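K.L.:
Shown below is the structure under consideration.
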Amino acid sequence: LDIGVHVDVIPAGEDPGVGRKIRFNTPTQHVFELYAEMALSATGPAVKNPDVWVVEPRGMRATRFDHCALNGVDIASSAKIFVDALDFSVAEELVDETSGARLGIFLSCSNKAHDVAFLGYPEDGKIHHTSFNLESWHDVGHAADIISRYDISLDIGPTRHGITRGQTIYFFDPS
């Protein structure tokens, strides 16, 4: 499929434990690396008679990466790569009702509400947020306790998203 996007092939082993990758840039200047093989870490989930955890989660107890929202100018062209080349579907859009401009495009390749979103912004290459899965509302509250305890700047929450009813808390990464 030729959609005018330059792709670099990165050989297996360039990153420890990671198989062959392909790397490409979106029109919003975000770099993506896609791979299909990765070695399990020593603390990764077992595949034979697994316990719930090899090592009990600590900190905010994130169990996995959930999604990312990326900012940039040409969000339509960036989303088009994911739809045309990677078989994502548009799950939701934010549209300016006066001009018809697309302000946000939410894409999914799974059963989640979205896996990646592109949000209109006057600068390319920016991250709006990354999301990690927590198992329960209790864990969101526990994350709020950690945010408060370490005086981390809070953006919003704990709260719920309107469309998904997902429980969330937004904070600014202190690193």
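K.L.:
Check Asp87, Asp15, Asp2 and return the single one that is loosely packed, with under 13 Cβ neighbours inside 10 Å, in contact with a Cys (Cβ under 9 Å, 6 or more places away or on another chain) and over 30 Å from Asp139 (Cα atoms).
P.N.:
Exactly one of Asp87, Asp15, Asp2 is loosely packed, with under 13 Cβ neighbours inside 10 Å, in contact with a Cys (Cβ under 9 Å, 6 or more places away or on another chain) and over 30 Å from Asp139 (Cα atoms), namely Asp87.
K.L.:
Condition first: over 22 Å from Asn133 (Cβ atoms) and either part of a loop (DSSP other than H, G, I, E, B) or polar (S, T, N, Q) (or both). Now tell me which residues in the range 72-101 satisfy that.
P.N.:
Within the range 72-101, Val73, Asp74, Ser77, Ser78, Ala85, Asp87, Asp96, Glu97, Thr98, Ser99, Gly100, Ala101 qualify.
K.L.:
Does Ala144 meet the test of being in a strand (DSSP E or B) and either modelled with pLDDT under 95 or surrounded by 11 or more Cβ atoms within 10 Å (Cβ to Cβ) (or both)?
P.N.:
So Ala144 does not fit the description; no.
K.L.:
Output the residues belonging to the range 147-159 that are outside any helix (DSSP H, G or I), touching a residue at least 12 places away in the same chain (Cβ under 8 Å) and touching a Ser or Thr at 6+ places or on another chain (Cβ under 9 Å).
P.N.:
Passing the criteria: Leu154, Ile156, Gly157, Pro158.
K.L.:
Next question, about the same structure. Is the range 112-128 home to any residue that is part of a loop (DSSP other than H, G, I, E, B), of a type in the set (Lys, Arg) and either at negative phi or loosely packed, with under 14 Cβ neighbours inside 10 Å (or both)?
P.N.:
yes
The values are calculated or read from the model by the stated rules, or taken from the named source; none is laboratory data. Predicted model, so just to flag it, every value in this text is computed and none were measured. All Cβ positions, even for glycine, are placed from backbone atoms using ideal geometry, and neighbour counts span all protein chains on display.
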